Amino acid sequence: MELESFPIRPIRRRRSATEHPEQQFRSPADSVVRDPAFLLGVATAAYQIEGAVSEDGRLPSIWDTFSATPGKVLHGDTGAVACDHYHRWEQDVDLLADLNVDAYRLSIAWPRVMDAVGRPNPQGLAFYRQLLRRLKDKGIRTSVTLYHWDLPQHLEDAGGWRNRATAYRFAEYADLVSRELAGLVDFWSTLNEPWCSAMLGYGTGHHAPGVADLQAANEAMHHLLLAHGLALAALRRNDPAAQKGIVINVGRGTTDGTTPADARAAELFELQHNDWVLDPLLRGQYPAGCTTNYGPRRARRCRTATWPSSRRRSTSSALITTSAPMCVRPDQGAMWRRRWPASSARRWAGRCTRTACATC
């Protein structure tokens, strides 16, 4: 395919990239990035960047607790300071404008905007209001995620996502935030990657809150998806002009084996990683394979019973994040075994550009 030279968007405080041929980005003539409707954006998560974990009424989150536990996070990194975005947000918005991006996806820290009994925290809400207004002033479209894994610790102490009541507390939170920030958000996302919250948080213990119990993971997923449906109703009611949806991470299951058992392991990976989330959202029921392949104990919460009609197809749109194909092999005592690349070991935590952060 013939390639054309496509100049990088000019960056402020520097000469235009068109004056530097070595900085030219070459894309296919029919590339989607040339479509005027294509949005080029960047994204963050609250715990990754904000810092100020005990300022202005913010409550502890499960990631505060988890990252402060020795051995849980690489190098002992925490989000206590992170990028210090809570204090440097104006500079950060200027940086986004300098990059000339079209959109910015951020998340709201639930523990920053509500107290333990559900009352609003005016200081926390004011922080996000002024941030979103400045982004609008800069012509940057706003995408807001309500939950990027930082559950208030007091809710986890009451059972967290294993407790059905948490879904209703989340709906109250979504109602509050969407009323307060209506008109400032172009795209609302209820949850970021509920598979990670359920499986990594409650199934394997790699993420906060660090529970390793597959039964707990099934309970957590059920309540996360219920929370999505309940929150979506609040978003539609309070901010009808905005788009609404959920962020789902999907992955392709592959195998480097040649036996039928290897192929079956790849199928089961996709059942557990993709269908477990997508089928309830789009079909109103869990996949039948959950019951037949997860064993009787785990199947109690991963059942095939149809969801109420009010919860079916309970998403306006879905933002799909994709990962590299996952190579799996069958393993005794398990449905499948991941074959992790050596380079990915302990990459559950990453580092910010300014200082350490605790989430990946």
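Going residue by residue through the stretch 200-222, is there one that turns out to be open to solvent by less than 50 Å² (accessible area, probe 1.4 Å), of a type in the set (F, W, Y) and under 22 Å from D157 (Cβ atoms)? Yes: one or more hits.
Look at A167 and say whether it is farther than 27 Å from A97 by Cβ and open to solvent by less than 10 Å² (accessible area, probe 1.4 Å). It is true that A167 is farther than 27 Å from A97 by Cβ and open to solvent by less than 10 Å² (accessible area, probe 1.4 Å).
The values are calculated or read from the model by the stated rules, or taken from the named source; none is laboratory data. Note that the structure is a prediction, hence the values are computed from the model and not measured. Cβ coordinates were reconstructed from backbone atoms using ideal geometry, including for glycine residues, and neighbour counts include every protein chain displayed. We work out accessible area using only protein heavy atoms, side chains counted, and drop any ligands, DNA or RNA first. Shrake-Rupley method; radii C 1.70, N 1.55, O 1.52, S 1.80 Å.
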